[in-house]
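The values are calculated or read from the model by the stated rules, or taken from the named source; none is laboratory data. Since the structure is predicted, the reported quantities are computational estimates derived from the model, not experimental observations. Heads up, the Cβs are rebuilt from the backbone with ideal geometry, glycines too, and the neighbour counts pull from every protein chain shown.
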Amino acid sequence: MIKFLTLKINLFLWFITTISTFNDMKELKCGLVGCGRIGCGYDEKPDEFLIRTHAMSYIKNNHTKLVSLCDVDKNKLKKYGKIYSVRNQYTDFKEMLKEESLDCLSICTHGDTHLKFVTEAVRKNIRGIMIEKPISDSLNNAEKIIKLCKQKKVILAVNHQRRFNPFYQKISHLLKEGKLGKIQRVNLMYGGGIANTGSHIFDVLRLFFGEAKSIKSELSKNSSHKNFDPNLEICIEFQGGFIVNLCPLDLKNYGILEIDIFGTKKRLSIDLVTNENKIFSSSRVSQDYKKLEKLKKLINFSYPPTDIRFGINNLIYCIKRKKIPVCTGYDGYKSLEIVIASMLSNKLEKKILLPVTNKNYKIKFR
Ligand SMILES: NC(=O)c1ccc[n+]([C@@H]2O[C@H](COP(=O)([O-])OP(=O)(O)OC[C@H]3O[C@@H](n4cnc5c(N)ncnc54)[C@H](O)[C@@H]3O)[C@@H](O)[C@H]2O)c1
């Protein structure tokens, strides 16, 4: 019965974000810049159940056609052009825009190139842009991206993919309903650097707990093995008055991403890579050390958090229906703001209050 219900809910959610766009049958012409891992590479060996690239997400969407690819690397263009059957290939972004009349664009390069591509794209009649996280390299540039899209009425979505996934929306809803009681403490284990992994983490934290108030961080001894994007020990105070601790692990030993949420009534642990979740309640027996009792799984969603179809489908739905995407430019900005606050706190050795005023501070990508 539970399995049947779960299936029904999943099918309903797929319907909302995919099939329900059927009233406008025009196929949108989509292009992609940056044929690296998230653009094209992760789906080199196709997997029906997990789509991890923008290219394959457009191919799987009934309302889009992937018509062109752009990358400075000719070998990648040739390779992925063949895999995804895209004949129109460009090494120059401006040329792609000139030759193709695109409805929709995915920007899958690193953050320091995003503003340049958005500036060019909004001059054409592009209707929607999916931009990879982090939205940009500085808060100033992120603001410019948001403003340009707003001025030209281009729908801008940022690929923090968990926010698009129904599993995370459901958890956020349950937390807001007080399913765990009042939040007491949150611990999160990560390893892949504060800009790269952190931008995902901060978006999930905002979705679950609202806005952050202050950030204190210091360099971790457990390395990300990337000097330009370190692992930081971080303590974030949320407006709800509780503390979230980010605890880095050495990426060589642990490639994990896990969150442990302690409410006054229940404890919820989620593996943010697989969506495996465990929920516990504290035993009523009055002792100093109260035994935890494992409860039935909270939700049984099978769609992995790394599947980016939800995001692309949502963007296409928003373009066709003129709606606001689930993950907006503002969400991208706020997540980047916490990344930058964490970097500044480590550098200046002090607590940083939000909002961040140093909007010129730039994060590095290599
Ligand atoms: N959402 C996710 O889970 C996820 C996963 C991986 C990467 N990302 C993000 O996606 C972005 C790209 O990451 P990646 O791992 O795919 O990187 P990558 O290095 O594999 O790919 C980037 C590609 O962009 C191309 N490129 C760079 N400058 C260009 C230019 N001026 N014109 C055309 N092409 C250009 C490069 O040749 C390369 O092929 C980053 O912002 C990263 O944070 C997100």
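Points to keep in mind about this one:
- Residues that are outside any loop (DSSP other than H, G, I, E, B) and either at pLDDT 95 or above or under 16 Å from the mean Cα position of the chain (by Cα) (or both), drawn from region 280-311: 309, 310, 311
- One residue from 270, 299 being aliphatic (A, V, I, L, M), touching a Lys or Arg at 6+ places or on another chain (Cβ under 6 Å) and under 28 Å from residue 60 (Cβ atoms): 299
- Lone qualifier among 194, 215, 236 - being buried (at least 20 other Cβ atoms within 10 Å of the Cβ), touching a residue at least 12 places away in the same chain (Cβ under 8 Å) and either part of a loop (DSSP other than H, G, I, E, B) or within 15 Å of the ligand (Cβ to nearest atom) (or both): 194
- Residue within region 56-70 that is within 15 Å of the ligand (Cβ to nearest atom), within 15 Å of residue 310 (Cα to Cα) and in contact with a Ser or Thr (Cβ under 9 Å, 6 or more places away or on another chain) present: yes
- Which numbered condition residue 167 fails, given (1) out of contact with any helix residue (DSSP H, G or I) (no Cβ under 9 Å at 6 or more places or on another chain); (2) away from the ligand (no atom under 16 Å from the Cβ): (2)
- Only a single criterion out of (1) within 11 Å of the ligand (Cβ to nearest atom); (2) at pLDDT below 95 is not satisfied by residue 91, namely (2).
- Exactly one residue out of 142, 157 is touching a Gly at 6+ places or on another chain (Cβ under 7 Å), in a strand (DSSP E or B), crowded, with 24+ Cβ neighbours inside 10 Å and hydrophobic (A, V, I, L, M, F, W, C), and it is 157.
- Looking only at region 257-311, and only at residues there that are in contact (Cβ under 8 Å) with a residue 40 or more places away in the chain and among the basic types (Lys, Arg), the one that is surrounded by the most Cβ atoms within 10 Å (Cβ to Cβ): 309
- Residue ranges of helices (runs of 4 or more DSSP H) in region 23-114 with at least 2 members surrounded by fewer than 17 Cβ atoms within 10 Å (Cβ to Cβ): 74-83, 93-99
- Positions within region 212-245 being touching a Phe, Trp or Tyr at 6+ places or on another chain (Cβ under 7 Å) and closer than 27 Å to residue 296 by Cα, in sequence order: 244
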